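First the structure, in the form of C-alpha cells, and then the observations on it.
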C-alpha cells in the first residue's frame, strides 16, 4: 500500500512540477514582452546577440543545408528515375526544403548551436550572481540580458531558415543538374510551377518564426531556472537541447496540419 | 571600431537572408510567373466535376488565364456550381465552352476554355452555359463493357 502511494506521489509530482515549469516559462515570456522596450531602444544590445546567434550560426547552417540539398537531389533522383520523371527533382527538393526541412533542421541546429550557448551563459551568470548584482544596481536583468537574446533569436531564425532553404536548393541543383545532368530548364520551371509563394514559402517563414520563439524561450528559461551549480548548468544545457528538439518536432506537426487543413 | 565591424556583420547577415528570401520568391516560387492581380469572376454549372479543386488552373490554349475560386453544390438543380476567376487582360466571348480536363494520365484536373464566336464578351457574374463534365473512368469502362456485351448478342 505504502509503495503504491509512493508511486502515485512520484507520478503526481512529476506532472505538477512540469506544469509548474511550463507556467513559469509562460510568465517569463510575458515578462520579456513587457520589458522588451529596452532591447529596441538600445538596439545595439540586440544587435550583439544577433551577431552571436545568427551570424556565428551561418557556417553550420550553410554547410549542412548544402549537404541536405545534395542528399535530397541524389535520393530523389534515384527514386524518380524509376518512374521516368526525373525532371520533377526540382519540385521535390524545393518543396521538401521550403516546407519542412528548412525550418525544422534550422531550428534543430539553432537549438544545438545557439540555444545551448544561451542556456549556459545565463545559467553561469545566475550562478556567479551577476543577475542579482544587476538587480542591486537597479538594472532590470530581464530587460537588459534576457529580452535582447529573445528578440535576437526571433529575428535570426527566419533569416537562417531562408538561407538554409536557398542554399539547400542550390545543393540540389549542383547534384541534379551539374553532376547527374537533369535538364536545367525543366529543373527550374517545374519548381516555379509547383511552389506557391503564399502557401509554401510564407508558411515556411511562419513556421521558422514560431520555432524561433519556442527555441529561444526554452533556452532562456532553462538558463534562468538552472540550479546555480556546475552540475545544474550542465543539466540545464542538456535539457535545452532535448526539450527544444521535441517541441520543434511537435509544433511542426501541429503547424503543418493547420496549414494543410486551412 | 569593434562595434562597426559587428554592425557590418549583422548587416551582411540580414542582407543574405533577404536575398535568399527574394531568391525563393522569384526563382523558386511562382511570384513572378503567374501574377493574376485583377480578375473578373464567372460561374459555370457542371453535372460532375470529377476531382476539380479550388485554385485549380483555368487554361485557354494551354495558357493559364485564371483560377477556380470556389466549388459549391446547388441543392435545387443538383449540380456543381464552379466559380472561376479570369484575368482581366483576357476577354472571352459569351458562348465560350468550358471543359474539365485532366493534365496527363494521373495529373491534376483543370478547366479548359474554348472561345466561341459570339460578339459580346463575358462580364463579371456571367454564366458559362456550355460546359462539359469531367471524364469519370468508371462510367467510361462500364459504357465500354455494356457496348461489348450488346455486340456479342
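Overall, the ratio between the Cα radius of gyration of the range A:137-260 and 2.2 N^0.38 Å, rounded to two decimals, is 1.43. When peptides A:217-230, A:120-133 are ranked by their average number of other Cβ atoms within 10 Å per residue, the highest-first order is A:217-230, A:120-133. Note on the range A:28-77: along the principal axes its Cα atoms extend 51, 22, 13 Å, ordered by decreasing extent. Pairs of Cα atoms nearer than 8 Å and 6+ residues apart set the relative contact order; for the range A:27-261 it is 35 percent. Rg/Rh for the range A:208-262 stands at 1.14; both radii use Cα atoms, and Rh follows the Kirkwood definition.
Stokes-Einstein diffusion of the range B:19-153 at 37 °C, 0.692 mPa s viscosity, Kirkwood radius from Cα pairs, rounded to a whole number: 197 µm²/s.
With contributions of -39500 (n - 2.57) from each DSSP H run of at least four residues, the per-residue ellipticity at 222 nm computed over chain A stands at -26000 deg cm²/dmol.
Of the beta bridges in the range B:15-153, as assigned by DSSP with both residues counted there, near 75 percent are antiparallel. Length, then width, then depth: along the principal axes, the Cα atoms of the protein assembly as shown run 95, 70, 45 Å. When peptides B:72-78, A:41-47, A:92-98 are sorted by average Cβ neighbour count within 10 Å, with the highest value leading, the order is A:92-98, A:41-47, B:72-78. Averaged over the residues of peptide A:40-50, the number of Cβ atoms from other protein chains lying within 10 Å of each residue's Cβ is 2. Between the C-alpha center of the range A:77-104 and that of the range A:112-151 there is a gap of 42 Å. The spacing between the range A:194-255 and the range B:24-103, judged by their C-alpha centroids, is 41 Å. Using the alpha carbons alone, the radius of gyration of the range B:100-140 stands to its Kirkwood radius in an Rg to Rh ratio of 1.07.
By the Kirkwood approach, averaging reciprocal distances over each pair of separate Cα atoms, the range A:27-261 gets a hydrodynamic radius of 18.9 Å.
All of the numbers you see were taken from the coordinates with simple rules; none came from a lab. Remember, predicted model here, so these are calculated numbers, not experimental data. Cβ sites come from the backbone with ideal geometry, for glycine too, and all protein chains shown count toward neighbours.
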